[in-house]
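Please read the structure below before turning to the comments.
The values are calculated or read from the model by the stated rules, or taken from the named source; none is laboratory data. These numbers were taken from a predicted model, which means no experiment stands behind them. Heads up, the Cβs are rebuilt from the backbone with ideal geometry, glycines too, and the neighbour counts pull from every protein chain shown.
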Amino acid sequence: MNAKSLKPQITAEEISVSVDALDIDRAAAIYREHGCLVARGLMKQYVAEMARDIAATVERSVAMLDKAERKPEGWVVPNGSLFIPAPEGCNRDKQIMTVGISYYTSAAFLRAATDPTALDILEAILGPDIELFGNGQSLVKEPVGGHPKHLHQDSAYFEHRYEGPVAILTYVVDTDLVNGALRIVPGSHNKGQLRHIDTFSHLGLDEDDWPWEASLPIIGQAGDSIFFNVKTIHGSKQNHSDTPRPVFINRYRRPNDYAIIRATTTANRAEAEKQARQARKTNELRGLMARGFRRDEE
């Protein structure tokens, strides 16, 4: 079916729950059916510290631009922040995309990753044993046209052997259609792995097949969190406001799961696909256990 004819058949309210009156079973059921879930207010207690730590990391990253190393994805500075070409109107030729903040640099980030309520929801989705996948991620859209992120599946970047990670993306500021709300395609996790192309914002879906109109924007307040499956289609438009739009992301998986393909471009994905059968859990670093126990591995 052509996505041009698709309009979201569900509202953001129908996939949302409030942590003030949380029904864990209902939350997990929404996630399983739609491949996404909005948990209103889930991370609000961490927002002030995360805003501070992200802003400090961005400031340091900009100061390091003269030391940036060119990579296929853009320019990487020594603290790991990724810059991409800036749009017209920006006060420099590069804008930040991925911020070099992690569980190793921000205690607030690690506390958010192990939030008990978030883990209660995740346990209902993944089971009692939950491994952190990666060391956390933060994306910032700079003011006045901060980068769009084309609709895509995270599995294009890190496809897994089994179900794959559950992501929790949290708004650090109130977020709407002006400053780049996350847009999601409920139910798209059931479509399997889709073909991606190279875009300005790295791997993405062809807009002729997956236009923005097929997605549902999630307007939210600082501290609202969006859970989504690794194969759920999502993305976000530019930031047209005069202030930054930061988010932070925690990802989780079952301890026996592992990436079989890692990629950032169509070229290196094609190479990784050739080696997918040789991928093993022991070939990658283990994540921290956020809940439960690591049992015998394959």
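Hey, among the residues in segment 252-282 that are polar (S, T, N, Q) and not in a helix (DSSP H, G or I), which one's surrounded by the fewest Cβ atoms within 10 Å (Cβ to Cβ)? Give the derivation first.
Within segment 252-282, the subset polar (S, T, N, Q) is 256, 264-266, 268, 275, 278, 282.
Now restrict to residues that are not in a helix (DSSP H, G or I): 256, 264-265, 275.
Details: Asn256: 15, Thr264: 19, Thr265: 15, Gln275: 11.
Ranking the qualifying residues of segment 252-282, first place goes to Gln275.
State the number of residues belonging to segment 196-251 that are of a type in the set (Ser, Thr, Tyr) and surrounded by fewer than 24 Cβ atoms within 10 Å (Cβ to Cβ). Before the answer, list the steps.
Going residue by residue through segment 196-251, those that are of a type in the set (Ser, Thr, Tyr) are 199, 201, 215, 225, 232, 236, 241, 243.
Next, only the ones that are surrounded by fewer than 24 Cβ atoms within 10 Å (Cβ to Cβ) stay: 199, 201, 241, 243.
Looking only at that region, the number is 4.
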Here are some residues: Val185, Val166, Val178. Which one is touching a Cys at 6+ places or on another chain (Cβ under 9 Å) and modelled with pLDDT of 95 or more?
Val185
Of these, Ile249, Ile233, which one is over 22 Å from Ala55 (Cβ atoms) and among the β-branched types (Val, Ile, Thr)?
Ile233
From (1) at pLDDT 95 or above; (2) surrounded by fewer than 20 Cβ atoms within 10 Å (Cβ to Cβ), pick out the condition that doesn't hold for Ile101.
(2)
Name the single residue, out of those in segment 126-137 being among the aliphatic types (A, V, I, L, M) and in contact with a strand residue (DSSP E or B) (Cβ under 6 Å, 6 or more places away or on another chain), that is surrounded by the most Cβ atoms within 10 Å (Cβ to Cβ).
Ile130
